[in-house]
Amino acid sequence: MNTLRARSPSIHIPFRLAQGFLFVLPTLLVLLVVLGFPIAVAIINSFSLPDGGWTLENYAKLPRDGRFRNSLVVTFTFVAGTVLLHLVVGFIIALALNTQVRGKRLFRVIAILPWTVPDVISGLIWRFMYNPTAGIINRLLFDWGLIHKHIEWLGDSDLALPSVIFADVWRGYPFVMLILLAGLQAIPRELYEAAKVDGASTVQEFRFITVPSMRGMILISVALDTIWQFRRFGLVFNMTAGGPGNVTEILSLYVYKQYFRYFNFEYAAAVAVVLAIIMLLLSLPYVRAMVRRLS
């Protein structure tokens, strides 16, 4: 009897597992239709010829395409700059919002507001702000005596990409900030109280308590933000459309132009597949972190 009782829980495990799959099956079917079908079509198109047939030429052309290589470099520069600044700005603001100050809830709402602005609207706002003659940025710099002539923020090949990165930092830092703020609030206050009793300074508390406790949340925020930034389109499109020249032409813009402007459907599909593979590889640290946490 005791043996049967000991084995009884294991009898129900396959049933519970099957029951769990049944619950998520509708969602899986929706994802398969919504995501799986376009992915399959894109992969098939990437190996297709305009007049029919199969070829690897679309992928063989990529290393020879200077514009693709430029877009790849611009994309990694854009992603590296925005993700790093999102992390720094988000961490600083998260630390500030985690302190005990008056009006903390109001400050949190204000800090989140940029994230509520759609990419398209954000791009238009910053394009108007960067306007060399009527933009508020040049006007303020004139009033403060920092410049004496109009600056073409989005028309100068040296300033266009940093200007877009700066605009995206304003738009995207709240996403990282929210993740890090949740991590900061999960750190037990007893650790800081014990550190103060031992005579630790604020810098030592940050170094030996905050940073080690936040490693998991930092990894998650960086992984998710990196994936988001590789998908960025609306903000850059509305600010520069990839110009001047191709200095701000990220891969998502390049795919758009190849498909809708030049009608190179098969080649655009190949570039899109490469972009998807890059994002898949970058998502592996996040997947591993989630698996470790669940296990």
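The values are calculated or read from the model by the stated rules, or taken from the named source; none is laboratory data. These figures come from a predicted structure and were not determined experimentally. Don't worry about glycine lacking a Cβ; one is built from the backbone with ideal geometry, like all the others, and counts go over all protein chains shown.
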Of all residues in segment 65-104, how many are among the charged types (D, E, K, R), under 15 Å from Y254 (Cβ atoms) and either in a helix (DSSP H, G or I) or in contact with a Pro (Cβ under 6 Å, 6 or more places away or on another chain) (or both)? 2
Could you tell me whether L97 is within 30 Å of L180 (Cβ to Cβ), loosely packed, with under 13 Cβ neighbours inside 10 Å and among the hydrophobic types (A, V, I, L, M, F, W, C)? no
Please give the number of the condition S252 fails out of (1) within 14 Å of the chain's Cα centre (by Cα); (2) within 26 Å of F91 (Cβ to Cβ); (3) hydroxyl-bearing (S, T, Y). (2)
Limited to segment 52-64, what total is found for residues that are assigned to a helix (DSSP H, G or I) and either within 17 Å of L181 (Cα to Cα) or hydrophobic (A, V, I, L, M, F, W, C) (or both)? 2
Given the condition under 28 Å from L72 (Cβ atoms) and either aromatic (F, W, Y) or in contact with a Phe, Trp or Tyr (Cβ under 7 Å, 6 or more places away or on another chain) (or both), answer yes or no: does some residue in segment 127-146 qualify? yes
Taking segment 234-286 and keeping residues in contact (Cβ under 8 Å) with a residue 24 or more places away in the chain, over 25 Å from I125 (Cα atoms) and among the aromatic types (F, W, Y) leaves F265, Y267, Y286
Is there any pair linking a residue in segment 64-85 that is farther than 18 Å from R231 by Cβ and of a type in the set (K, R) to one that is at pLDDT below 95 and not in a helix (DSSP H, G or I), with Cβ under 8 Å and at least six apart or on different chains, and which? R67/N246
Could you check segment 185-219 and list, in sequence order, the residues that are crowded, with 17+ Cβ neighbours inside 10 Å, within 21 Å of the chain's Cα centre (by Cα) and farther than 23 Å from F76 by Cα? M214
Checking the condition out of contact with any Cys (no Cβ under 8 Å at 6 or more places or on another chain) and over 20 Å from L282 (Cα atoms), which residue from M217, M177 passes? M177
